[in-house]
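In what follows, a single structure is set out as structure tokens and then discussed.
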Amino acid sequence: MRTIIAIAFGTTGVLQQTDVEDPVPGPGQIVVDVEAVGVLWLDTQIRQGRGPEQFAVAPPYVPGGTVGGTVSAAGPGAGDSWLGRRVLVHSAVGGYAERVPAETTALVPVPDGLGLPEATALLDDGTTALALLERTPVRPGEHVLVLPAAGGLGSLLVQMAASAGATVIGAARGSAKADLVRSLGATHVVDYAEDGWSDAVRRLVPDGPGVVFDGIGGAVGATAAALVTDGGRFSSYGVAGGAPTVVPPERRVTATGMEQLAEFGADRARRARDVLDAAAAGRLRPVIGQTYPLVDAARAHDDIEERRVTGKSLLLVSGSDRQTTTMPRSASSASRALPGA
């Protein structure tokens with residue numbers, strides 16, 4: 001089968017297509033024929049050797065983790081009931097591949113009425129958005145600033161906050177993204193790439209928004225933190241624009257930092273069911289802004305790094321293009337040793 005391997009840390013040139021032996025399910029395992037793979041900004045940071053400690057890997061490794069596909073094989077004790085079912089999984093051996101093995105305990109069934117690409121787009125961003133709102137709830141009528149509002153996670157936060165009755169201010173770059181954010185339920189949109197964007201927020205809410213969700217950090221995040229009204233809440237969940245945002249201790253603001261992300265895994269299965277069911281029922285819309293063939297993983301990384309993306313980025317694997325590869329035992333043993341990220 002084909003897979004993408006990062007042979008070293010560096011530019012997108014380190015991502016190379018490689019043929020490896022098809023995975024064979026062990027006891028309690030299944031094999032998923034991959035249809036969609038989520039591509040994260042985090043993937044680009046890990047590839048550059050700048051990923052967080054909890055995602056530490058050593059090249060060569062297979063990037064990515066979240067995949068959606070169909071179960072094609074089951075190992076001893078896994079049960080044939082999984083065969084043919086559509087599932088999501090966080091692959092422990094890397095997700096940029098045509099097939100991945102997984103433990104049955106890690107599988108998330110995809111409900112009827114929801115496509116695999118859409119479900120894949122929700123597993124990371126949807127569960128995180130729900131967890132952020134559970135940790136920092138919003139109230140009906142409250143002004144909530146979301147930045148960036150047109151990304152995979154931000155676009156879901158906009159919808160969830162609007163559904164909770166909040167008045168959402170979405171921060172997005174450019175008119176096309178602004179139109180998207182409005183269509184998702186934002187009442188107002190500001191362009192955080194323009195000078196004076198915080199003044200635009202102040203004109204809308206003189207006392208400042210009651211809640212800010214910050215996925216950018218750096219200078220933009222610091223400006224957003226200064227906008228929160230006294231007694232408000234600030235939630236930091238990303239550093240796409242620099243260092244994590246730190247709210248000055250003298251501010252009367254309840255601040256939740258990046259450390260919250262490490263605590264979200266414990267209840268991920270329940271949140272996954274909730275967001276998938278909401279999407280299947282039409283209450284939540286995953287925004288898939290761009291898709292790429294598996295072999296174009298480097299282009300997907302380039303587009304993320306150059307801020308050319310909207311919503312979620314996915315790698316797609318066509319069933320008609322899927323390859324079966326049998327390799328010598330020594331080569332297969334090496335491929336199974338590659339860590340995922």
- Item | Close pairs (9 angstrom Cβ cut-off, 6 or more residues apart or separate chains): in a strand (DSSP E or B) in segment 139-150, aromatic (Phe, Trp, Tyr) anywhere | VAL144/PHE213; LEU145/PHE213; VAL146/PHE213; LEU147/TYR192; LEU147/PHE213
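Here's the yes/no breakdown for (1) touching a strand residue (DSSP E or B) at 6+ places or on another chain (Cβ under 6 Å); (2) under 21 Å from GLN260 (Cα atoms); (3) in the same structural domain as ARG85 (by TED's automatic domain parsing):
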| residue | (1), (2), (3) |
| --- | --- |
| VAL144 | yes, yes, no |
| ALA166 | yes, no, no |
| ARG173 | no, no, no |
| THR187 | yes, no, no |
| GLY218 | no, yes, no |
| ALA222 | no, yes, no |
- Message: Under 6 Å between Cβ atoms, which residue pairs at least 6 apart in sequence (or on different chains) link something in segment 72-94 that is within 28 Å of PRO60 (Cα to Cα) with a partner that is of a type in the set (Phe, Trp, Tyr) and surrounded by 12 or more Cβ atoms within 10 Å (Cβ to Cβ)?
- Response: ALA74/TRP82
- Is there a residue being surrounded by fewer than 20 Cβ atoms within 10 Å (Cβ to Cβ), in the same structural domain as VAL295 (by TED's automatic domain parsing) and not in a loop (DSSP other than H, G, I, E, B) anywhere in segment 92-102? no
- Select from segment 72-91 the residues that are over 20 Å from VAL20 (Cβ atoms) and assigned to a strand (DSSP E or B) and list them in ascending order. ALA74, ARG86, VAL87, LEU88
- Could you tell me whether segment 171-178 includes any residue that is modelled with pLDDT of 95 or more, within 19 Å of GLY238 (Cα to Cα) and of a type in the set (A, V, I, L, M)? yes
- Message: So LEU83 passes all but one of these: (1) closer than 25 Å to ALA280 by Cα; (2) touching a Leu at 6+ places or on another chain (Cβ under 8 Å). Which condition number does it fail?
- Response: (2)
- Query: What pairs can you find where one residue is in segment 23-50 and under 25 Å from ALA121 (Cβ atoms), the other is surrounded by fewer than 17 Cβ atoms within 10 Å (Cβ to Cβ) and among the aliphatic types (A, V, I, L, M), and their Cβ atoms are less than 6 Å apart, with a gap of 6+ or different chains?
  - Reply: none
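Conditions tested, residue by residue: (1) crowded, with 17+ Cβ neighbours inside 10 Å; (2) of a type in the set (Asp, Glu); (3) within 17 Å of ARG233 (Cα to Cα).
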position	(1), (2), (3)
VAL158	yes, no, yes
ALA166	yes, no, yes
HIS188	yes, no, no
GLU194	no, yes, no
- Out of (1) in a helix (DSSP H, G or I); (2) closer than 18 Å to LEU316 by Cα; (3) not polar (S, T, N, Q), the one GLY68 does not meet is (1)
- On the given criteria, is ARG308 out of contact with any helix residue (DSSP H, G or I) (no Cβ under 6 Å at 6 or more places or on another chain), of a type in the set (D, E, K, R) and at pLDDT 90 or above? yes
- What do you reckon, is LEU316 among the hydrophobic types (A, V, I, L, M, F, W, C), at pLDDT 95 or above and surrounded by fewer than 20 Cβ atoms within 10 Å (Cβ to Cβ)? yes
- Task: Look at segment 32-65 and say how many of its residues are among the β-branched types (Val, Ile, Thr) and either crowded, with 24+ Cβ neighbours inside 10 Å or outside the structural domain of PRO101 (by TED's automatic domain parsing) (or both).
- Result: 5
- Task: Residue by residue through segment 29-59, note down the ones that are touching a Ser or Thr at 6+ places or on another chain (Cβ under 6 Å) and small (Gly, Ala, Ser).
- Result: ALA36, GLY38
- Note on the structure: By residue number, the members of segment 138-167 that are touching a His at 6+ places or on another chain (Cβ under 8 Å) and within 23 Å of GLY217 (Cβ to Cβ) are ALA166
- Message: So if I check each of VAL275, VAL246, VAL287, which one is over 20 Å from the mean Cα position of the chain (by Cα) and at negative phi?
- Response: VAL246
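The values are calculated or read from the model by the stated rules, or taken from the named source; none is laboratory data. As the structure is a prediction and not an experimental result, all values here were calculated from the model. All Cβ positions, even for glycine, are placed from backbone atoms using ideal geometry, and neighbour counts span all protein chains on display.
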